[in-house]
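Worksheet: one structure, shown below.
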């Protein structure tokens, strides 16, 4: 039996088509994926992301612990700054990707819904020997993502924070429609936007307040379908597709968050150092297909008659109106422009490695 | 959701409108809704032989691809070429402008194996 987020009734009222996802009944679409996708790129959309997992890390060794279990460097975070990071196993495979929020006295981790139980168990196991306490607060947190070029003027109408002063990947505690919450300038779409974390008992109030304030900006609810197509146009990783326990952050193109020179040890460091020294054998690339062909996960990639990789994510890109995808390909074939083929129902369809993000006009604020 | 009563239905969500030895074929509004926005319909060439229950093409939605199965056996007499440029006609008008094929039936008696609207309506669609 799937769980319901605090916005379940609102989704039904808005005509959401509900599907099971990561143990929850979530809206996959409202008006239609393409329409919703384009709406977020041009106006504003509201995503229920309450299924995401939240974990608090407290105690004198919180920083040391977070640094040990993640590949990025949390010591580089200022207070109220957010960091994209990943947790690795000792063999360099990825446990999960996550956001790390730095508070004065503790850290707030936001992890994938589908990995929450695994992540929490993994963190508890690693926490032995550290003076820290971990708390899974997922059921006490409602989360909405307000995304799109109109997100700031919309939210500013009902928020007491000066949003124009909040930079990309920073957060603050403030009031939205009088309700205290965490507001961060983060998102998974490539457009400007905010993520709001608050008491689920205020769910209906905040939902209504956002839609009332959003009327002049044509705010619409957006489902998981468009969430996936929006993130893939940016080549943002999705766990279970682009990254998993068999892929390392270096292979996944996440070298930019993997701080091999940060002080102290971290889980996976030894293997990642070795991968870096020896060079990785495969790499996650973005690619386009020719014609009316659409890549899907697990399709095989070929070059000169031999298999050279496998598709990780694939979608019809509503912004570019063509098939786009990501895939792990032999490192020597990963250069932009490299031609190869994708096997689709027995046919080899011409493809080539392209520069990413696929969508380059996003309004997302750069750090 | 209601289903036109002048059509026959397959368990894999295709409909057929049978007129003599010619059947017009498409997918149901239910199937189109499940797939979401349809972005490409791959249809066989005119003259291709198709067999009841066997794939004749594919339909690509934003996130997923699905086989299209022939509800009846025969030879493809015509395809809806409008779907090439406007595949979303399948979402907008599944039983009208969203039709896919006309099949010249080799065995019109096969129609007895298809469901009528009431039986299709009653079928557990999420189990299939």
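Read-outs throughout are calculated quantities, based only on the coordinates presented, and are distinct from any laboratory measurement. The structure displayed is predicted, hence computed values, not measured ones. No Cβ is skipped: glycine too gets one built from the backbone with ideal geometry, and neighbour counts run over all protein chains shown.
Structure values in brief
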read-out: Förster-model FRET efficiency, 45 Å R0, residue B:22 and residue A:352, C-beta, rounded to 0.05; value: 0.55
read-out: Label-point gap, in nm, between residue A:56 and residue A:273 - each point 7 angstrom along Cα→Cβ; value: 3.6
read-out: Distance cut-off 12 Å, percentage of C-alpha pairs in segment A:135-186 lying past it; value: 67
read-out: Relative contact order %, segment A:47-152, counting alpha carbon pairs below 8 Å whose residues are six or more apart; value: 40
read-out: Inter-chain Cβ neighbour average for residues A:24-32, partner chain, 10 Å; value: 2
read-out: Pair residue B:81, residue B:64: separation of 7 Å Cα→Cβ label points (nm); value: 3.2
read-out: Principal axes of segment A:53-137: Cα extent on each, largest first, Å; value: 29, 25, 25
read-out: Taking segment B:8-107 and dividing mean pair separation by its residue count, relative contact order in percent (alpha carbons under 8 Å, at least six apart); value: 32
read-out: Estimated 222 nm signal from helices in chain A, with DSSP H stretches of n ≥ 4 weighted -39500 (n - 2.57), rounded to 500; value: -5500 deg cm²/dmol
read-out: P(r) weight above 41 Å for chain A, C-alpha pairs, percent; value: 11
read-out: Shielding of B:34-40 by partner chains, average beta-carbon count, 10 Å; value: 6
read-out: Highest to lowest packing among A:100-112, A:191-203, A:328-340, A:29-41, scored as the average C-beta count within 10 Å; value: A:29-41, A:191-203, A:100-112, A:328-340
read-out: Extension gain from residue A:201 to residue A:180, taking 0.36 nm per residue of separation minus the Cα-Cα distance; value: 6.3 nm
read-out: Column: log10 I(q)/I(0), Debye, Cα scatterers of segment A:281-354, q = 0.14, 0.18, 0.23 Å⁻¹; value: -0.34, -0.57, -0.95
read-out: Residues of segment B:28-67 with amide N under 20 Å of a point placed 7 Å along Cα→Cβ from residue B:6; value: B:28-30
read-out: Approximate spin-label separation residue B:46-residue A:304, in nm, with each point projected 7 Å along Cα-to-Cβ; value: 4.4
read-out: Extension gain from residue A:343 to residue A:265, taking 0.36 nm per residue of separation minus the Cα-Cα distance; value: 23.9 nm
read-out: Cα-based Rg and Dmax for chain B, where Dmax is the largest Cα-Cα distance (Å); value: 13.3, 38
